[in-house]
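First the structure, in the form of structure tokens, and then the observations on it.
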Amino acid sequence: MSRFPKAHFLLSVAGSAQFPADSGHEVAFAGRSNAGKSSAINALTERKALARTSKAPGQTRLLNFFEVAPLQRIVDLPGYGYASVAATERRLWVALIDALRARQSLVGLFLIVDVRRGVGSRDAQLIDWARDADKKVHVLLSKADKSTRLERTVALKTAHNLLGSEASVQLLSVHDNTGVTAAQDLMVAWLSASAASSD
């Protein structure tokens, strides 16, 4: 049985005035376009189509809020690094996520990184964005099934060395369920009331 049987889409926002009330707890999901962010959300919530997935990058253009339980939300951030997105739209995204960072209810960030690419400069900027506001960060090295065991080991060690204490990191594959339960457990902990009062 799903741990989030009542998970559902809440709303899309184009401006901070449209945010839901700043109460309860929420975790944000972010990553480069086509890194597997929507697939990760669906896997962790055990819902096949909670977040829209697409083979074409740049599909998430707004901040999408999902309620997974009363006063517990997921925020799906627009993918970054998609060259064809207009500069004006990118500026809108920056304003939106800066407003999101100021919310008391935001407790952490799940950063989705394709294991074959590794943590890049744009990813590091987003980690700094979260850590500057004292938010927790957990990196999911996605699409682990598309690399060899040695490649996965090297990628994980490299990420650990690069991130140090700034973020925790693990492998993830939604196709063979590698790391799904561990990531889900962490998400549940972050969204719980006790998680906000610890650390």
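Annotation: the chain has a Kirkwood hydrodynamic radius of 16.8 angstrom, from the mean reciprocal C-alpha pair distance. The listed peptides 183-192, 22-31, ordered by packing as a protection proxy, come out as 22-31, 183-192 (highest mean of other Cβ atoms within 10 Å first). Helical content alone sets the calculated 222 nm signal of the chain at -10000 deg cm²/dmol, taking -39,500 (n - 2.57) per DSSP H segment of four or more residues and averaging over every residue.
Measuring between alpha carbons in the structure, the pairs from Lys48/Lys143; Lys37/Lys135; Lys48/Lys135; Lys37/Lys157; Lys48/Lys146 lying more than 25 angstrom apart are Lys48/Lys135.
Laboratory data are not the source of any read-out in this text; all were calculated from the coordinates shown. Worth saying up front: this structure is predicted, and the values here are computed from it rather than measured. FYI the Cβ positions are ideal-geometry reconstructions off the backbone, even for glycines, and counts take in every protein chain you see.
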